[in-house]
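Take a look at the structure set out below.
Rule-based calculations on the coordinates, nothing more; no lab input. The shown structure was predicted, so the numbers you read here are calculated from the model rather than taken from an experiment. Please note: Cβ atoms are built from the backbone with ideal geometry, for glycine as well, and neighbour counts cover all protein chains shown.
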């Protein structure tokens, strides 16, 4: 449960305005936490916009970082590799989204 919703929303607005996240470079670790954040906001508020944002973020990560052999860890040229803990965090985020929308568990 989010205890200080105003603080979370203020920080999210600040990150957007500073182009830190979600509109900066894609980074698998950060985006995984972002999906979980959006889902937490959706569960807390019941507002579909947060679920939509989670799905949009998953689509962007897939578009930018997805490769036939797996996901890159980041968009920058030095982020070509894969780390198990990044991939595990991404799978965790997709599983949480799959709790709401089962097709994300496939």
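Data for the structure
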| read-out | value |
| --- | --- |
| Residues satisfying the stated conditions in region 66-80, i.e. within 17 Å of residue 92 (Cα to Cα) and touching a residue at least 24 places away in the same chain (Cβ under 8 Å) | 71, 72, 73 |
| Selection count, region 1-10, where residues are surrounded by fewer than 13 Cβ atoms within 10 Å (Cβ to Cβ) and either within 13 Å of residue 38 (Cβ to Cβ) or without any contact (Cβ under 8 Å) to a residue 24 or more places away in the chain (or both) | 5 |
| Any hit, region 21-36, residues being more than 25 Å from residue 105 (Cα to Cα), in a loop (DSSP other than H, G, I, E, B) and more than 12 Å from the chain's Cα centre (by Cα) | yes |
| Residue that is surrounded by the most Cβ atoms within 10 Å (Cβ to Cβ) [pool: residues in region 61-74 that are under 27 Å from residue 42 (Cα atoms) and touching a helix residue (DSSP H, G or I) at 6+ places or on another chain (Cβ under 8 Å)] | 61 |
| Test for residue 57: is it part of a helix (DSSP H, G or I), in contact with a helix residue (DSSP H, G or I) (Cβ under 8 Å, 6 or more places away or on another chain), in contact (Cβ under 8 Å) with a residue 60 or more places away in the chain and crowded, with 17+ Cβ neighbours inside 10 Å | no |
| Residue under evaluation residue 79, criteria (1) touching a strand residue (DSSP E or B) at 6+ places or on another chain (Cβ under 8 Å); (2) within 28 Å of residue 4 (Cβ to Cβ), criterion not met | (2) |
| Filter result for the condition that a residue is in contact (Cβ under 8 Å) with a residue 60 or more places away in the chain, on the phi < 0 side of the Ramachandran plot and either under 12 Å from the mean Cα position of the chain (by Cα) or in a helix (DSSP H, G or I) (or both), over 96, 49, 16 | 96 |
